[in-house]
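None of the figures in this text is laboratory data; all of them are computed from the coordinates on show. Note that this is a predicted model, so its numbers are computed, not measured. Note that we place each Cβ from the backbone using ideal geometry, even for glycine, and neighbour counts take in every protein chain shown.
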Amino acid sequence: MSSRIAEIRLVSSHREVYEPCDDSFALVDALLADRINLIEHKPKICMEIGCGSGYVITSLILLLKNELPGVHYLATDTNPIAARVTQETLQAHGVEADVICTDIASVLEKRLAGSVDVMVVNPPYVPTPEDEVGMEGIASAWAGGENGRRVIDRMLPVVDVLLSEKGWFYLVTLTSNCPLEICLVMRKKGYASRIVVQRSTDEENLLILKFWRVKDEESLDKETSSESFVSQFSRYLSSFMEKRWR
Amino acid sequence: MRLITHNMLSCNIKGVTNGFPLKIESVTVVEKEVDFNPDFLRHMFAKIEWKALVEGARSMGYEELPEDSPDASELESDDETFLRKLHHALLELHLEEGALVCPETGRKFPVNKGIPNMLLHEDEV
Ligand SMILES: C[S@@+](CC[C@H](N)C(=O)[O-])C[C@H]1O[C@@H](n2cnc3c(N)ncnc32)[C@H](O)[C@@H]1O
């Protein structure tokens with residue numbers, strides 16, 4: 001059976017809410033590419049931080065729901081209108097997730113710690129002046145401050161707290177977010193990483209990163225020294241530089 | 001929002017040490033049927049704070065859960081009566097309109113169209 005994702009015509013919208021864009025599509029493509037693995041992974045709790053229109057969380061549910069019936073889905077956004085729009089998008093597709101309006105996941109950190117098996121985040125990642133971060137309205141959907149890292153850097157420790165032992169984390173980044181550095185930050189917390197999707201549009205160079213916890217230092221060294229990490233990045237960077245020079 | 005999620009929420013106003021469980025004030029509760037999945041329920045049971053669930057369910061008009069947390073054997077029993085009740089309480093009751101109240105400060109977080117608004121004011125962060 002072919003796998004379904006959210007249909008654009010059923011995605012609700014509002015002028016104050018981020019519409020599905022290249023970044024959203026790249027993230028859903030990453031989930032699609034990893035679908036078989038996700039099904040074998042058998043998550044019980046999946047979550048999205050910054051759900052916006054609801055396009056991503058709805059797609060994730062649709063991707064998994066036939067093979068994995070018992071999963072609890074959660075979504076958060078700081079924008080109350082986005083939370084409402086996400087709810088409408090879910091309903092239009094006949095699927096269920098609990099949506100909460102909160103900063104990152106602050107109201108869940110205590111009781112949901114160590115329980116999330118799959119986390120997906122398309123954060124506000126655009127490099128902007130610092131004072132544009134977290135403003136009310138649509139700007140907070142993309143404004144990421146210096147190197148676009150202001151919100152991302154606040155999210156990483158929260159994601160680390162929430163993820164279960166076997167938890168996976170998918171993150172949208174730009175080349176200008178210094179993704180290699182993000183991987184190193186996560187490595188210090190015990191995560192290996194790889195690029196699931198890379199895509200260059202006219203405006204941005206998108207990378208969808210996947211992180212997973214590695215049990216001991218030794219296997220982390222093995223994972224990160226091999227194909228999955230530095231070599232993947234250097235290959236990516238050189239192809240990117242080539243494109244630039246041409 | 002359903003009780004499975006309510007069981008994971010706590011109030012995080014600065015200085016609050018005992019922000020769990022949030023008291024439920026329900027105005028509108030909606031019931032929606034969900035497929036029964038015993039494996040999922042067994043997995044979630046370990047994470048659930050029983051008293052918070054019982055009280056939450058009661059404030060949403062569902063009184064069938066036993067006061068004391070059943071022991072694990074009841075989850076494995078062939079008689080599904082308990083699991084069915086757990087299923088209904090956790091997954092089929094939706095708080096549509098109402099509020100969540102912090103047990104320590106009494107601060108009210110509104111729930112509209114099923115979405116709790118847990119954003120804090122500047123002086124609460
Ligand atoms: C780039 S948009 C992505 C929206 C949607 N997930 C998608 O992929 O189309 C980022 C979203 O994160 C939300 N957001 C920004 N800062 C946040 C924070 N501190 N906590 C939770 N959500 C946040 C924004 O309101 C916006 O909806």
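Among the residues examined, A:P157 does not qualify as within 19 Å of A:L27 (Cβ to Cβ) and not in a strand (DSSP E or B). Only a single item in (1) within 14 Å of chain B (Cβ to nearest Cβ); (2) more than 15 Å from the ligand (Cβ to nearest atom) is not met by A:L162, and it is number (2). Checked across region A:166-175, the condition of being over 23 Å from A:P43 (Cβ atoms) and in a helix (DSSP H, G or I) holds for at least one residue. Of the residues making up region A:86-118, just one is within 12 Å of the ligand (Cβ to nearest atom), under 20 Å from B:H6 (Cα atoms) and in contact with a Gly (Cβ under 7 Å, 6 or more places away or on another chain), namely A:T86.
Just to be sure, is A:S59 part of a helix (DSSP H, G or I) and at negative phi? First the steps, then the outcome.
Details: part of a helix (DSSP H, G or I): yes; at negative phi: yes.
When the stated conditions are applied, A:S59 passes them.
Residue by residue, here is whether (1) closer than 24 Å to A:G114 by Cα; (2) of a type in the set (V, I, T); (3) surrounded by 19 or more Cβ atoms within 10 Å (Cβ to Cβ) holds:
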{"position": "B:T5", "(1), (2), (3)": "yes, yes, yes"}
{"position": "B:L9", "(1), (2), (3)": "yes, no, yes"}
{"position": "B:N12", "(1), (2), (3)": "yes, no, yes"}
{"position": "B:G15", "(1), (2), (3)": "yes, no, no"}
{"position": "B:P21", "(1), (2), (3)": "yes, no, yes"}
{"position": "B:R42", "(1), (2), (3)": "yes, no, no"}
{"position": "B:G56", "(1), (2), (3)": "yes, no, yes"}
{"position": "B:G61", "(1), (2), (3)": "no, no, no"}
{"position": "B:E64", "(1), (2), (3)": "no, no, no"}
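Return a yes/no flag: does region A:33-45 have any residue that is farther than 28 Å from B:F36 by Cα, more than 10 Å from every other protein chain (Cβ to nearest Cβ) and more than 12 Å from the ligand (Cβ to nearest atom). Steps first, please.
Pass one, region A:33-45, residues farther than 28 Å from B:F36 by Cα: A:33.
This time we only want the ones that are more than 10 Å from every other protein chain (Cβ to nearest Cβ), so: A:33.
Within this subset, residues satisfying the condition of being more than 12 Å from the ligand (Cβ to nearest atom) are A:33.
So far as region A:33-45 goes, yes, one or more of its residues are farther than 28 Å from B:F36 by Cα, more than 10 Å from every other protein chain (Cβ to nearest Cβ) and more than 12 Å from the ligand (Cβ to nearest atom).
The set of residues in region A:180-195 being of a type in the set (F, W, Y) and out of contact with any strand residue (DSSP E or B) (no Cβ under 6 Å at 6 or more places or on another chain) is empty.
Cβ separations smaller than 9 Å between residues 6+ apart or across chains give the following pairs from region B:105-125 residues that are within 18 Å of A:T89 (Cα to Cα) to residues that are in a loop (DSSP other than H, G, I, E, B): B:G114/B:M1; B:I115/B:M1; B:P116/A:T102; B:P116/A:V107; B:P116/B:M1; B:P116/B:L9; B:P116/B:L22.
Taking the listed residues A:L60, A:L74, the one that is within 11 Å of chain B (Cβ to nearest Cβ), under 16 Å from the mean Cα position of the chain (by Cα) and closer than 20 Å to A:K210 by Cα is A:L74, with no other qualifying. Every test in (1) within 10 Å of another protein chain (Cβ to nearest Cβ); (2) closer than 15 Å to A:D160 by Cα is passed by A:N79 save one, and that test is (2).
Taking the condition of being more than 9 Å from the ligand (Cβ to nearest atom) and within 14 Å of chain B (Cβ to nearest Cβ), how many residues in region A:120-136 meet it?
Just the residues of region A:120-136 that are more than 9 Å from the ligand (Cβ to nearest atom), to begin with: A:127-132, A:135-136.
Checking the rest, the ones that are also within 14 Å of chain B (Cβ to nearest Cβ) come to A:135-136.
The qualifying residues number 2.
Give me the residue from region A:89-117 that is among the acidic types (D, E) and in contact with a helix residue (DSSP H, G or I) (Cβ under 8 Å, 6 or more places away or on another chain) and, out of that set, nearest to the other protein chains (Cβ to nearest Cβ).
Taking region A:89-117 first, the residues among the acidic types (D, E) are A:96, A:98, A:103, A:109, A:117.
Right, trim to in contact with a helix residue (DSSP H, G or I) (Cβ under 8 Å, 6 or more places away or on another chain) and you get A:96, A:98, A:109, A:117.
On the way: A:E96: 7, A:D98: 4, A:E109: 7, A:D117: 10 Å.
Within region A:89-117, the match that is nearest to the other protein chains (Cβ to nearest Cβ) is A:D98.
One residue alone among B:E97, B:E74, B:E80, B:E122 is surrounded by 15 or more Cβ atoms within 10 Å (Cβ to Cβ) and either more than 15 Å from the chain's Cα centre (by Cα) or among the β-branched types (V, I, T) (or both), and that residue is B:E74. Just to be sure before I move on: is A:S140 surrounded by fewer than 22 Cβ atoms within 10 Å (Cβ to Cβ) and within 16 Å of the ligand (Cβ to nearest atom) in the structure I sent? Judged against the criteria, A:S140 is a match. Filtering B:P116, B:P38 for residues that are more than 15 Å from the chain's Cα centre (by Cα), within 14 Å of chain A (Cβ to nearest Cβ), within 21 Å of A:Y73 (Cβ to Cβ) and not polar (S, T, N, Q) leaves a single hit, B:P38.
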